[in-house]
Every structure is written in C-alpha cells, then in structure tokens.
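Once you've had a glance at the structure underneath, I'll fire off some questions.
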Amino acid sequence: MADPPFGRLPPVYNEVVPKAKELEARFQRTEQQLRLFQKVSRFMVRDLSLQDVLNGIVALIVEFTECDSCLVYLRDGEELVLCASNRPHPSTIGKLRLRWNEGLTGWVARERRLLAIPREAYKDSRFKAFGELEEDTYESFLSAPVIARNKVVGVINVQHKAPHQHTGSEMEVLTTVGEQVGCVLVLARLSPEALDEANHVHLVLSSGPVPMKQ
C-alpha cells in the first residue's frame, strides 16, 4: 500500500482515534457513576440524620449532573412535601406541598416513570407553577420517582436554567439514586436497638419482612 501524501493521516488513523476518544469518555463517565453510587451507599450506612443524608445526596446529584437545582419531595399521605434542596428554600422546606395529581412532579409520582423535558418545561400541559420556587421558570426538567419496597414514596427533580439535553447516563443515575433514597427511608425506620436485636439469619431464611420502627 502506498504511503499517504505528506501531512495527511491514513484513513485507519482517522477512524480509530475518534472511536478511542469516545470509548475513553464513556469509560470516564461510567467511573463517575460508580463513584456517585458508592458515595450514596456510604451515606446510607453512616449514623447521620435523615435530613443530612438527603442533603448530601442532593449535593452529589448536583455535582454529577451540573444542574442548577435539585429538589427532593417525599410523600405524606396524598401529598408530596419538599424536604431537601441544594438551593436556599428556608420558607418552603417542609412547608411546600403539592397534591398527588398536581404538576410534573405529581405526574412522575402517579405514573412511577422517569420524565425528561429538555426545554420549556413550563409550557408542558402537566406543568403547574407554585410561585414560591424560582425553579418554576427553569427550562429543563428531569425527574424520577423515589421507590421503596415497590411503592412510590417521593420524587427527585433535577432542573437547569437553560435548555439541556439529558443524557442516558443522567437518566440512569437519577433512576438508581431514587431507588437508593428509597432504601435510605426504609433503613431510617429501623432504630439502632432494632438492628442489634434483629435475627438477621431468620429474616433471610424465613423471607419475612424487616421489622419496622413505628
């Protein structure tokens, strides 16, 4: 095969290098995902308040997605209550409530489905403005249900001020973190005494439910 003209790279090089860079970028993103899940898992086993755990998880999500806002709503009967945020919402944390059938967040909770809107989320027919939140004007919206024992117990919202095309990695991360937060909520109902006294072997072999702190 004749040598390529001086200053020009062979066709094989032009094909292989971009693919190698793409694989490297995907590998780095996978590593970031793994580190995120590891850090969330460590929050789950530490002796921290549930509020501190949620705040820590929110900070990790913001770091991974580079979003402008991350909000965690938890279920209280037929309502969803804002319980954690990366932005200062002192007047709304624990006070802002929306019904199960309200807004994009309520839709995610009812349908148990991930929702990704890259732009103009406020124009979606399911959208409802609450007034107290600056996030009502944000362009992009990514939301996943918080699942505990196959039941929806909350919702995690990730929002960007500018239009943002959500990646498969971001969607996968938010879905998995929603499941991890569900596990955190289940564990939070167990007192240290219950953990000490539990017959873990019996729980596994009998396939019985984990005892809950009422």
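Being at pLDDT 85 or above and of a type in the set (Asp, Glu), is that true of even one residue in the range 37-58?
Yes; the residues of the range 37-58 include at least one that is at pLDDT 85 or above and of a type in the set (Asp, Glu).
Looking at the range 48-61, which of the residues that are out of contact with any Lys or Arg (no Cβ under 9 Å at 6 or more places or on another chain) and without any contact (Cβ under 8 Å) to a residue 60 or more places away in the chain is surrounded by the most Cβ atoms within 10 Å (Cβ to Cβ)?
58
Looking for something hydroxyl-bearing (Ser, Thr, Tyr) and either part of a loop (DSSP other than H, G, I, E, B) or at pLDDT below 90 (or both) - is there at least one such residue anywhere in the range 163-180?
yes
Would you check which residues across the range 120-145 are over 24 Å from residue 173 (Cα atoms) and within 18 Å of the chain's Cα centre (by Cα) and list them?
None - no residue of the range 120-145 is over 24 Å from residue 173 (Cα atoms) and within 18 Å of the chain's Cα centre (by Cα), so the list stays empty.
While we're here: Could you check, for the range 148-161, whether at least one of its residues is closer than 22 Å to residue 106 by Cα, open to solvent by 60 Å² or more (accessible area, probe 1.4 Å), in a loop (DSSP other than H, G, I, E, B) and at pLDDT 95 or above?
yes
Right, something else. Just one of the numbered conditions (1) touching a helix residue (DSSP H, G or I) at 6+ places or on another chain (Cβ under 8 Å); (2) not in a strand (DSSP E or B) is not true of residue 70; which one?
Here residue 70 meets the rest and fails (2).
Which of the residues spanning the range 86-124 are modelled with pLDDT of 95 or more and among the polar types (S, T, N, Q)?
Of everything in the range 86-124, just one residue is modelled with pLDDT of 95 or more and among the polar types (S, T, N, Q), namely 105.
Quick one: in the range 117-126, which of the residues that are open to solvent by 60 Å² or more (accessible area, probe 1.4 Å) and not in a helix (DSSP H, G or I) is nearest to residue 62 (Cα to Cα)?
Of everything passing the filter in the range 117-126, 119 is nearest to residue 62 (Cα to Cα).
I'm trying to understand the selection: among the residues of the range 69-116, which are under 15 Å from the mean Cα position of the chain (by Cα), open to solvent by 20 Å² or more (accessible area, probe 1.4 Å), hydrophobic (A, V, I, L, M, F, W, C) and over 20 Å from residue 150 (Cα atoms)?
Of everything in the range 69-116, those that are under 15 Å from the mean Cα position of the chain (by Cα), open to solvent by 20 Å² or more (accessible area, probe 1.4 Å), hydrophobic (A, V, I, L, M, F, W, C) and over 20 Å from residue 150 (Cα atoms) turn out to be 83, 116.
The values are calculated or read from the model by the stated rules, or taken from the named source; none is laboratory data. Just so it is clear, the structure is predicted and the values come from calculations on it, not from any experiment. In this analysis, Cβ positions are derived from the backbone assuming ideal geometry, glycine residues included, and neighbour counts consider all displayed protein chains. For the accessible areas, the whole protein counts, side chains as well, though only heavy atoms, and no ligand, DNA or RNA atoms are used. Shrake-Rupley method; radii C 1.70, N 1.55, O 1.52, S 1.80 Å.
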